[in-house]
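Participant: The structure's right below; bear with me while I get my questions together.
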Amino acid sequence: MSTVEEPLYPIALLIDELKNDDIQLRLNSIRRLSTIARALGEERTRKELIPFLSENNDDDDEVLLAMAEELGVFIPYVGGVEHARVLLAPLETLCTVEETCVRDKAVKSLCRIGSQMKENDLVDWFVPLVKRLAAGEWFTARVSACGLFHIAYPSAPEMLKTELRSIYSQLCQDDMPMVRRSAASNLGKFAATVENAHLKAEIMQIFNNLTQDDQDSIRLLAVEGFAALGKLLEPQDCVAHIIPVIVNFSQDKSWRVRYMVANQLYELCEAVGPQPTRTVLVPAYVRLLRDNEAEVRIAAAGKVTKFSQILSPELATHHILPCVKELSSDSSQHVRSALASVIMGMAPVLGKDKRVQARGTNINYLLWDWTDRRSFHSVVVVITVVSMFMLDDATIEQLLPIYLSLLKDEFPDVRLNIISKLDQVNQVVGIDLLSQSLLPAIVELAEDRHWRVRLAIIEYIPLLASQLGVGFFDDKLGILCMQWLQDKVYSIRDAAANNLMRLAEEFGRDWAMEHIIPQVLEMANSPHYLYRMTILRSISILAPVMGSEITCSKLLPVVVNASKDRVANIKFNVAKVLQSLVPIVDKSVSIPISNILDHLFQLVRVAEKTIYPCLVELSEDSDVDVRYFANQGLQSINHATMSS
């Protein structure tokens, strides 16, 4: 008897928990639907579980949302695609609830299920569901229906397709703005499934009706369909039907509509091609760049580079560049930020050999005398747009100094953004101009009061060093690299240590032995324990680059001497560094067979006479952390010796 009743337990437990006052228990039961369905089996799931869920639609929104999500992946538990129709009923009910997120999730699950259903099941079950929702008395059902047409339409017979197009047209003229809004937002997906003949005749009429709606929220959603419809239509049809609407919308009384036009304009330009863009859409885009609302200018500015690429250099110079210059003094920092986010990467397009020749003195003079530094982002836009399209030296001579002067901007974010693109700047201005005009600003920023600016400079130094060469680097930047090791901020000191390693890799061991190692070793006696820790960090990073010989002769003695430090943090860092040096002293470029024993004895001598005694002493330290890391180091030595 118990065997017969056992399968009933899961569904009984589900029902009990769904009726529980604790919402968490109800949520847990919903999220376990798949487990319960497997226990019940496919047939009982269809006959008992799904009907129960259909009736259980009066619950908290959080529970209903979880139910809508679970049902979307429930086809395997009801017997496969053949029985997918049984899932439509509970989801149809969820499509009518008041909470928007529940309806959206139910529509999404219905779309997922409908895309897997057989064609005849779609016609027999899914299409009637869409029609019922579209004819629903309460607006929520009609709102949900709009998101299902693109699933129902392709499989419907011709007569049903005509009816569905008519129903959708009625939804676009519904009395409730929420329904029209949903119809407008889903128009692009529905239009993608409609035949070309009906697309131009019926769908475009629906589109035109939406663009004339009194509600600006509906008009702006219609704008979102511009690009989608433009890709479906032939270019000539797009020019005839969509571009006039866009031109009018660029002057719409609602800034939200103009914002959406600015945001979608480039995608439409891709659909119609360069020629209509140059002849028709440029004036509309210029209006958007000069719009009264900052939000509209933000959207338009974010497309300035892409839009200019479609135009000829003459058009970009005549129409876009004046707008960009105006935006360079824009009062909204968000506008300038939007410009910078899309323009900075275009600087390498400026060919240095064609644009900048023997202007170092002029640029250097203008760099330090430029006084208007209010607008970082917009100035960047000016420079980089011109870098792309203005090929004459006179134009570059006017704009390049502004780009360079940004390194002295009063706002740290300005300096950070410029520094992050210095590698691209070099491709534009050339090494001569870089060394004459850019480097003084970099040196000044190396001591910037904002540590993030200093950090950005440090990260750029190795690249700058490779471009300037070893001689120029030694004269101008070498001292800075050592000063950063004693910065007040840990992130700067750590980055400076990594910077030394990258410089040693760039210029070689001999250069590092002459210019880095002596100064690092001298700083090992700093009175500040944090700086002494930084030196230990530098040694551990430099050792793999310098090799075993220099490590044993120059670096290791400094580390061993630091083990006598009075600060526990120094001592356990010594133990960690010694552990990292064990495999390095074991390395050799090539060891002749006859010298293998000598190498082994040398390793043993280094380990036993230098590293091992130091670690043994640290393992007896009073500080628990020092002892721990010392023991870790001793284990490393034992392992290295056995391996050798």
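Quick grid of which residues meet (1) at pLDDT 80 or above; (2) of a type outside the set (Lys, Arg):
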site	(1), (2)
Met1	no, yes
Asp16	no, yes
Asp22	no, yes
Arg31	yes, no
Pro51	yes, yes
Ala68	yes, yes
Val73	yes, yes
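Participant: Would you pick out the residues in segment 589-611 that are at pLDDT 55 or above and open to solvent by 90 Å² or more (accessible area, probe 1.4 Å)?
Facilitator: Of everything in segment 589-611, those that are at pLDDT 55 or above and open to solvent by 90 Å² or more (accessible area, probe 1.4 Å) turn out to be Arg605, Glu608, Lys609.
Participant: Let me ask something else. Return yes when Ala222 is within 22 Å of Asp124 (Cα to Cα), open to solvent by less than 20 Å² (accessible area, probe 1.4 Å) and without any contact (Cβ under 8 Å) to a residue 40 or more places away in the chain and no when it is not.
Facilitator: So Ala222 fails the test.
Participant: Looking at segment 220-227, can you tell me whether even one residue there is farther than 18 Å from Leu281 by Cα and charged (D, E, K, R)?
Facilitator: no
Participant: So, one more: Kindly evaluate Ser526 against the criterion of being hydroxyl-bearing (Ser, Thr, Tyr), within 16 Å of Asn573 (Cβ to Cβ) and part of a helix (DSSP H, G or I).
Facilitator: No; evaluated as a whole, the condition is false for this residue.
Participant: Can you tell me which of Asn196, Asn186, Asn208 is without any contact (Cβ under 8 Å) to a residue 40 or more places away in the chain, open to solvent by less than 70 Å² (accessible area, probe 1.4 Å) and within 26 Å of Glu158 (Cα to Cα)?
Facilitator: Asn208
Participant: Looking only at residues that are touching a Cys at 6+ places or on another chain (Cβ under 7 Å) and aliphatic (A, V, I, L, M) in segment 535-588, which one is surrounded by the fewest Cβ atoms within 10 Å (Cβ to Cβ)?
Facilitator: If we take residues in segment 535-588 being touching a Cys at 6+ places or on another chain (Cβ under 7 Å) and aliphatic (A, V, I, L, M), then Val560 is surrounded by the fewest Cβ atoms within 10 Å (Cβ to Cβ).
Participant: Kindly indicate whether Ser155 is among the polar types (S, T, N, Q) and not in a loop (DSSP other than H, G, I, E, B).
Facilitator: Numbers: among the polar types (S, T, N, Q): yes; not in a loop (DSSP other than H, G, I, E, B): no.
The answer is no for Ser155.
Participant: Just need a number here: residues in segment 247-280 that are open to solvent by less than 40 Å² (accessible area, probe 1.4 Å) and under 30 Å from the mean Cα position of the chain (by Cα).
Facilitator: The qualifying residues number 15.
Participant: Further, regarding this structure: Filter segment 441-460 for residues that are small (Gly, Ala, Ser) and either assigned to a helix (DSSP H, G or I) or open to solvent by 20 Å² or more (accessible area, probe 1.4 Å) (or both) and give the result.
Facilitator: Ala441, Ala456
Participant: Let me ask you something else. Residue under question is Arg181, and the condition is that it be open to solvent by 60 Å² or more (accessible area, probe 1.4 Å) and over 18 Å from Ala271 (Cα atoms); does it hold?
Facilitator: Here the answer is yes, as Arg181 does meet what is asked.
Participant: I'd like to check something: does segment 619-638 contain any residue that is open to solvent by 50 Å² or more (accessible area, probe 1.4 Å), over 21 Å from Ser553 (Cα atoms), modelled with pLDDT under 75 and not assigned by the TED database to the domain that holds Gly547?
Facilitator: Checked against the condition, which is being open to solvent by 50 Å² or more (accessible area, probe 1.4 Å), over 21 Å from Ser553 (Cα atoms), modelled with pLDDT under 75 and not assigned by the TED database to the domain that holds Gly547, segment 619-638 yields no hits at all.
The values are calculated or read from the model by the stated rules, or taken from the named source; none is laboratory data. Fair warning: this is a prediction, and the values are worked out from it, not measured in the lab. Positions of Cβ are generated from backbone atoms using ideal geometry, with glycine treated the same way; all protein chains shown enter the neighbour counts. Just so you know, the surface numbers come from the protein's heavy atoms only, side chains and all, with ligands and any DNA or RNA stripped out. Shrake-Rupley method; radii C 1.70, N 1.55, O 1.52, S 1.80 Å.
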